[in-house]
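Report on one structure; see the data block that follows.
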Amino acid sequence: MKIWKYPIMHRQIIIWTALALLLTACAGNPASDSGTTAPVVLASTTFLADITRHVAGDRVKVESLLPIGTDPHSYQPTPQDVTKIAESKLLIINGSDYEHFLGPLLENAGGEREVIAVSAGLHPREDAGAEHGVDPHLWLDPNNVITYVETIREALTHFDPEGTAEYQVNAETYTAELKALDAWILEQVNQIPAERRLLVTNHEAFGYFAERYGFTVVGTVIESFSSDASPSAQQLAALIDQVKSSGAPAIFLDEVENPALAQQIADEAGVSVVTDLHLESLTDGAPSGTYIDMMKHNVTQIVNALK
Amino acid sequence: MPFLFAPLQYEFMQRGMLAAILVGIVCAVVGTYMVLRGMAFFGDALAHTILPGIALGYLVNGGAREPLFWWSLGTSILAALGIGAISKNSQIKEDTAIGIIFAGMFALGIALISTVRSYAVDLSHFLFGDVLSVSTSSLWLILIFGGIVLLTIFAFYKEFTTLSFDPVLAATLRLPVGLLNNLLLTLIAVTVAVSLQTVGVALMVAMLVTPAATAYLLTNRLSHMMVLGAVLASLSGIIGLYLSFYLSIASGAAIVVTATAFFLIAFGWKRITQK
Amino acid sequence: MYPNTQHQANQPILDVSHLTVRYNGHAALQDITFHLHEGERVAIVGPNGAGKSTLIKVVAGVLQPQSGEVNIFGSRPGKHVCIGYIPQRNQVDWAFPVSVADVVMMGRSAKLGPLNWPHKKDWEVVNHALETVELSNLASRQISQLSGGQQQRMFIARALAQEAELMLMDEPLTGLDAPSQEGLLNVLDRLKTEKVTVMVATHDLDQAASHFGRIMLLNHRLVALGQPNEVLHTDNLLQAYGGRMRVDSQGAMLVDDCCPPEE
């Protein structure tokens, strides 16, 4: 494009047009459409997002940072995730040391936001697996989630005071549903004879659930199944012995872990293996599309395997 | 001798030992030619090159594990023949060509896996392998395909040996050199695919090369080298599993450390007796 | 079992016609024409890089020429299994775990075909070959344990086991001490009774003259081919060796930047 060959007037038009286009291009591409859509509340996981949505109703848009099916232990953040955090103004997390990955992400994102740990105010158990320090899996007891709801309601009210009344109503409705869930679980679990209420799982996750509904957690195979460790023959043998001698009729696994090893243990110890519990993430639609569905699904699997 | 039998009451130990022995034998026999022809890097690269094939198989089959063996078999053979073709026909040295393909394919595999983030953990088990989670059906696959590899080498033993020692002689004898080379590459590929779930990517090259290299130090005859390599590999597998059982260390690593220890002993002994 | 052309009657064992071979743009061999008859013994001499190895490889059928024809008993080398090729010693992996007998038996691979193991007849051929080259007592030694001369004799035995009719040797005398060289040449003499045609590349003009029926002087082109006393005179030598020669009143002196003797 040999601009200098054109007469001066034409040159001016071209240059100014180019500049104008450039400016509109820059201005017309905001990182977020602030001011025209509902403010975004970010939850760390899919089940927290679901719970928050039940309290928030339509007033705010709630998104989950972790996608469906992701285990926080193997979570690899992408640049989009950092952007999501940067744009959020209210971040709902579980707390109790669950979200290891968050520290660096928050630093990278910069900016300011309110971070609410919904398990604050509850008394977490110590974590036997020594992975987290305390056991963060409070949400597996719906009664804890009732406290979560209250904390979320407060946070949303503070964030968006105009919605106070609506949040109150939503919270009450959902809390009633949670109580109904609790009653339903008790009823289901009573189908299992007491001596068969044994949970062997791949994750020290069932502490609160076990306490509330009268189960015993026999042994975990977290050392064997964690993504960074290779189990030794000794560990595997010890686990098989443990499962055999406990009389546990089944072992239960979170979906994302390694089923081949679990099958090995199950075959040798003569128990059945359930591999599709959803403990840390919802699914896309059925069977665990919402938190309550997730709990019902897990309980159904457990009851069917043990009764 | 209760300590010898205690681990064997467990079925997973019985299967694991059998798998380690079978894989060890096949790898050592094939590895004999690889050691003599300087193909260790090729073997390592091949193991890594399988990753995108596995990732694809995983994505296509919605997370099912059984078809993965066939995907890794297919990818492995294609990769072996591909590397063979590229290094023959270009001005780039074989070593460089292998390095480029190896890294590129491995990265492709990781990229593919990262698109489905929830599967990442499961696939890493396939990569690291676990001799302890070998199922009965896996054992049959190892037996059948390992058997095919061994029979083929037995059938073409003198052709492969002649080709490895003196390719020009092979050419003057009008042996089908191109075909034989591709056959050997295919056998290596099958061996890697069959052994991968047992040993894993990181340790694959050790199983191919270390017992054969140890045997090389200790014997003067090719046939003895193969047999001795197979014996050493089997012993490494057995001892490694016992170590994993009694000392609670990762099984794959224990096997490779044992095999390497055998090598170092042979190496040291040879130096001492040569003085 | 592997493809094998029948020899045509009344054809010379080796017929080369206008052979040209190029490497990277320049001609390693230019327009070579000659033929050999059965039982002949020819020495190829010429300076380093003259194309001796190249010629041998083309005749063996492992290198393809750009133009020209090579015929062995009337057909291309690529189909024949009667050609014994003995490589330069430095191109061999001596640490390979094979014994002398193993290597000699390799020569029988084509006769055996796949899935076959050596029969009694094959062992007889191998043993006879080992006797001819006087290596019977070393048959089970690993090949690195042989001296230079013994290594060459082993390859000759392999070619005999192969039942080769045309034997091509690339610098077999290089790096051998004088007694070993004599020993090797004696073995080659003995091959006359086996009716093997022999073509040997060498640097040593004296030995070439005294042990071979014809000498081929090569320097990318065929300078001369004929009996030693016809070929080895000053004009020819100057043409072949060019700047590597000094001629004075007492004769010609050849200075060739070749091969130091091996340890």
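The values are calculated or read from the model by the stated rules, or taken from the named source; none is laboratory data. Everything numeric in this text was worked out from a predicted model, so none of it was measured. When we count neighbours, we look across all protein chains shown, and the Cβ atoms used for this are built from the backbone with ideal geometry, even at glycine.
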Selection count, segment B:171-194, where residues are within 8 Å of another protein chain (Cβ to nearest Cβ) and in contact with a helix residue (DSSP H, G or I) (Cβ under 7 Å, 6 or more places away or on another chain): 5
Counted residues, segment B:29-74 - those being hydroxyl-bearing (Ser, Thr, Tyr) and more than 14 Å from chain C (Cβ to nearest Cβ): 3
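It is to be established whether one or more residues within segment A:126-145 are within 14 Å of chain B (Cβ to nearest Cβ) and surrounded by fewer than 16 Cβ atoms within 10 Å (Cβ to Cβ). Talk me through it step by step, then tell me what you get.
First pass over segment A:126-145, keeping only residues within 14 Å of chain B (Cβ to nearest Cβ): none.
For segment A:126-145, residues within 14 Å of chain B (Cβ to nearest Cβ) and surrounded by fewer than 16 Cβ atoms within 10 Å (Cβ to Cβ): absent.
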Filter pass, residue A:9 being outside any helix (DSSP H, G or I) and modelled with pLDDT under 75: no
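Scan segment B:9-19 for residues that are aliphatic (A, V, I, L, M) and within 11 Å of another protein chain (Cβ to nearest Cβ) and jot them down.
Let us first name the residues in segment B:9-19 that are aliphatic (A, V, I, L, M), namely B:13, B:17-19.
Result: B:13, B:17.
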Qualifying residues in segment A:243-264 (those that are at pLDDT below 80 and closer than 23 Å to residue B:249 by Cα) - the one farthest from the other protein chains (Cβ to nearest Cβ): A:243
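Would a scan of segment B:131-153 turn up a residue that is more than 29 Å from residue B:203 (Cα to Cα), within 14 Å of chain C (Cβ to nearest Cβ) and crowded, with 18+ Cβ neighbours inside 10 Å?
Within segment B:131-153 (the criterion being more than 29 Å from residue B:203 (Cα to Cα), within 14 Å of chain C (Cβ to nearest Cβ) and crowded, with 18+ Cβ neighbours inside 10 Å), the answer is no, since none of the residues qualifies.
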Output for segment B:155-187, where each listed residue is of a type in the set (D, E, K, R) and outside any helix (DSSP H, G or I): B:166, B:174
Residues of segment C:97-114 satisfying the condition of being modelled with pLDDT of 90 or more and at the interface with chain B (Cβ under 7 Å from one of its Cβ atoms): C:97, C:98, C:99, C:106
Whichever residue in segment C:63-96 is under 12 Å from residue B:171 (Cα atoms) and at pLDDT 85 or above and, among such residues, is surrounded by the most Cβ atoms within 10 Å (Cβ to Cβ): C:84
Segments classed as helices (runs of 4 or more DSSP H), wholly inside segment C:57-170, with at least 1 members that are β-branched (Val, Ile, Thr): C:100-106, C:120-132, C:148-161
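Given the criterion of a type outside the set (D, E, K, R), out of contact with any Gly (no Cβ under 9 Å at 6 or more places or on another chain) and modelled with pLDDT of 90 or more, identify the matching residue among B:22, B:36.
Residue meeting the stated conditions: B:36.
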Search result, residues across segment B:195-249 that are crowded, with 24+ Cβ neighbours inside 10 Å, touching a Pro at 6+ places or on another chain (Cβ under 8 Å) and more than 9 Å from every other protein chain (Cβ to nearest Cβ): B:229, B:232, B:233, B:236
For residue C:49: the one exception among (1) surrounded by fewer than 20 Cβ atoms within 10 Å (Cβ to Cβ); (2) within 18 Å of the chain's Cα centre (by Cα); (3) modelled with pLDDT of 85 or more: (3)
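Checking the conditions here, which among B:69, B:12 is under 30 Å from residue B:225 (Cβ atoms) and of a type in the set (Phe, Trp, Tyr)? Working first, answer last.
On the way: B:12 fails: under 30 Å from residue B:225 (Cβ atoms).
Selected residue: B:69, the only one of B:69, B:12 that is under 30 Å from residue B:225 (Cβ atoms) and of a type in the set (Phe, Trp, Tyr).
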Test: residue in segment C:184-194 that is farther than 18 Å from residue C:54 by Cβ, out of contact with any Lys or Arg (no Cβ under 6 Å at 6 or more places or on another chain), in a strand (DSSP E or B) and free of Cβ contacts under 8 Å to residues at least 40 places away in the same chain: no
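Report, by residue number, each residue of segment B:193-226 that is over 10 Å from the mean Cα position of the chain (by Cα), not in a helix (DSSP H, G or I) and not charged (D, E, K, R).
Our first condition is that a residue be over 10 Å from the mean Cα position of the chain (by Cα); within segment B:193-226, this holds for B:197, B:202, B:210-226.
If we keep only those that are not in a helix (DSSP H, G or I) too, we end up with B:219-221.
Result: B:219, B:220.
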Hey, residue A:152 touching a residue at least 24 places away in the same chain (Cβ under 8 Å), assigned to a helix (DSSP H, G or I), in contact with a strand residue (DSSP E or B) (Cβ under 9 Å, 6 or more places away or on another chain) and under 17 Å from residue A:56 (Cβ atoms) or not: yes
Close pairs (7 angstrom Cβ cut-off, 6 or more residues apart or separate chains): within 10 Å of residue C:100 (Cβ to Cβ) in segment C:126-137, small (Gly, Ala, Ser) and not in a helix (DSSP H, G or I) anywhere: C:130/C:139
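In this structure, is residue A:209 away from chain B (no Cβ under 14 Å) and either modelled with pLDDT of 85 or more or within 16 Å of residue A:269 (Cβ to Cβ) (or both)? Can you show your working first?
On the way: away from chain B (no Cβ under 14 Å): yes; either modelled with pLDDT of 85 or more or within 16 Å of residue A:269 (Cβ to Cβ) (or both): yes.
Considered against the rule, which asks whether it is away from chain B (no Cβ under 14 Å) and either modelled with pLDDT of 85 or more or within 16 Å of residue A:269 (Cβ to Cβ) (or both), residue A:209 comes out as yes.
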Some residue of segment A:147-154 being over 20 Å from the mean Cα position of the chain (by Cα) and either modelled with pLDDT of 80 or more or exposed (fewer than 14 other Cβ atoms within 10 Å of the Cβ) (or both): yes
